[in-house]
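Each value in this text was obtained by applying a stated rule to the coordinates, not by laboratory testing. Predicted model, so just to flag it, every value in this text is computed and none were measured. Here Cβ is always computed from backbone atoms with ideal geometry, including for glycine, and neighbour counts include all displayed protein chains.
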Amino acid sequence: MNYGEAVRARVATARFRGELESESVRFEASNPVCGDVVRIALNISGGKIREARWKASGCPPTLAASDVLAEMIVGLTVKEAQAIASEDVVATLPGLPRTSFHAAEVAVEALRGALQALD
Amino acid sequence: MRIYLDHNASSPLHPRIKERLAKLGPLGNPSSLHAEGRKARALLDEARGRVAAWAGVGPDGVIFTSGGTEANALAIHAWKSCVIAAGGEKAIRMDGGSHASVRENAPRGEWKITVGIERASLHLCIAAHNETGAIADLDAAVAAARRDGAFLHIDAVQWPHKMAFHTKLREADSFAISGHKLGAPMGAGALIFSRPVEIDPMIRGGGQESGRRSGTPPLAAIVGLGEALALKDEDVARDRWRRLAVRLQDRIRAVLPDEMTELSDCEHGLPGTLLVAFHDLPGDVFAAALDHAGIAVSYGTACSSGEQEPSPALLGTGVSYGLARSAVRFSIGEGNTEEEIDDAADRIARVHATVRSSLMGTG
């Protein structure tokens, strides 16, 4: 499948991959249909997301969407991060095939799960 | 600089062929009677003669097709009709790792398809596996077909150039080749018969190819195919391709000794073919990342509807699901250099480290 250069670039560079040395919360979400899994870890202080890291198991779009999402949320307040939708992630991955939009959904689900777990 | 390591999928235009095509000038339709048409007809005849000479058959033993897929499909269609006409048992024996163009064109319904050693009236053999590079025992394939009194078709799409001509190809009832695997333009292949045979065409309408395959022939691609097969053995660097594949394998193994399983035998299999499973790394993920890093490779998985499935052709060879899921194929050919291979190995190691640290369960 042609995922588009934005997806390939994200998979190859993946700046926000990995683990955090100090994390406030982590959450793992999965897509029951395709089996993709995204785990996101956040370091939050003063109501703001200071750091974000992810690991995933899945197709290239899932890895790319996770990395895009992690980049998007660093520096946001928890409230601002809660407002992020999968469409926002898709918009930053030009060329992502419609059949791969599930990748953004599972990444955002992981983020929302993590933010809910803070409560 | 990009490094192209996907020659089994398609090999870039060979310089000699490019030069020949540049000199062709304007061409008419080979069926037209005017001067331009006659010139086109002469080129078509010349290409047919070259393919026939390479295969050691008469010119009427060559049917030009759009490529290897159509050649395989036409052969199966033709021999299926012959089996039915002869009142033979509707049974096909095919190799487990058959290409989709063979697997998916095999008849269904009342036809019995086996991948074992059961007797069958039509045998379908893949001469050289496009993914693993495994070379078939063509002597055994011909012997088995003779034992069964069966028709034998060989998918030889990966064979020319990478391997010297094998006379057993000619002892099959037919075999298929494809031009763009040999540095010719895409769009032309050939179904080659070892003896004159009347076949039931799949495509009717213009009577081209002696009524056996209608449609205006893609002349430039056909000329390229003829030119490719006219190259002498010494002009084809298959031994170098083999050495480069071994070099790449050695270099990857040196940096990732515990992270890989070789699924090909690049020292003895199809020259230039290296299939490696990188443990725990989905092949599509790794191939996408390598593409961004400037290396063109192939992977045997497809992601449709969110599911990644390993290549059926690879699974059919007996490779486990887990290894097939992680398999990436490097195929080396004309133009690749030692410097490229060393550069590719460095990039592979770098990209491997990045992708590995992105994945769950990989430490």
For this session: Show me A:6-13, B:10-17, B:192-199 ranked by packing, highest mean number of other Cβ atoms within 10 Å first.
Result: A:6-13, B:10-17, B:192-199
For this session: Taking the Cα centre of region B:222-363 as origin, work out the dipole magnitude from +1 charges on Lys and Arg Cβ and -1 charges on Asp and Glu Cβ, in debye rounded to 20.
Result: 260 debye
Exercise. Among B:260, B:179, B:208, which residue has its Cα positioned farthest towards the positive end of the charge dipole of chain B, with +1 placed on the Cβ of Lys and Arg, -1 on the Cβ of Asp and Glu, and the dipole taken about the Cα centre?
Worked result: B:208
For this session: Calculate one ³J(HN,Hα) per residue across region A:11-23 by plugging θ = phi - 60° into the Karplus curve 6.51 cos²θ - 1.76 cosθ + 1.60, and present them in order as whole Hz with x for glycine and proline.
Result: 5, 6, 9, 6, 5, 9, 6, x, 10, 9, 5, 10, 10
Problem set entry | Cα-only radius of gyration and Dmax that characterise the protein assembly as shown, units Å | 26.0, 84
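Shielding of B:350-359 by partners, i.e. mean partner chain Cβ atoms within 10 Å per residue?
Numbers: counts 1, 3, 0, 0, 7, 6, 1, 5, 16, 8.
So the per-residue partner count for this stretch is 5.
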Exercise. What average number of partner chain Cβ atoms lie no more than 10 Å from the Cβ of the residues making up A:59-71?
Worked result: 3
Exercise. If one computes P(r) from the Cα atoms of chain B, what percent of pairs lie at distances over 29 Å?
Worked result: 44 percent
For this session: Ignore the peptide's own chain and count Cβ atoms of other chains within 10 Å of each Cβ in A:94-107; give me the average, rounded.
Result: 1
For this session: Give the distance, in whole Å, between the Cα centre of region B:251-281 and the Cα centre of region B:159-175.
Result: 27 Å
Seminar exercise, completed: Computed over chain B: longest principal axis from alpha-carbon atoms vs helix B:219-230 long axis, angle to nearest 10 degrees, is 70 degrees
Seminar exercise, completed: Across A:94, A:61, A:32, the residue with the highest GNM fluctuation in chain A (Cα network, 10 Å cutoff) is A:32
Exercise. Using the Kirkwood radius built from alpha carbon pairs, what does the Stokes-Einstein equation give as D for region A:45-119 at 25 °C and 0.890 mPa s, in µm² per second?
Worked result: 198 µm²/s
For this session: Go ahead and estimate [θ] at 222 nm for chain A from helices alone: -39,500 (n - 2.57) per DSSP H run with n ≥ 4, summed, over the residue count, rounded to 500.
Result: -12500 deg cm²/dmol
Exercise. Based on the mean of other beta carbon atoms within 10 Å per residue, what is the order of B:285-292, B:74-81, most packed first?
Worked result: B:285-292, B:74-81
Exercise. Out of A:104, B:51, A:94, whose Cα points farthest toward the positive end of the dipole of the protein assembly as shown (charges: +1 Lys, Arg; -1 Asp, Glu; placed on Cβ)?
Worked result: B:51
Problem set entry | For region B:1-99, alpha-carbon Rg over 2.2 N^0.38 Å | 1.48
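Counting helices only, and only those DSSP H runs with n ≥ 4, report the 222 nm mean residue ellipticity of chain B as the sum of -39,500 (n - 2.57) divided by its residues, in deg cm²/dmol to the nearest 500.
-11500 deg cm²/dmol
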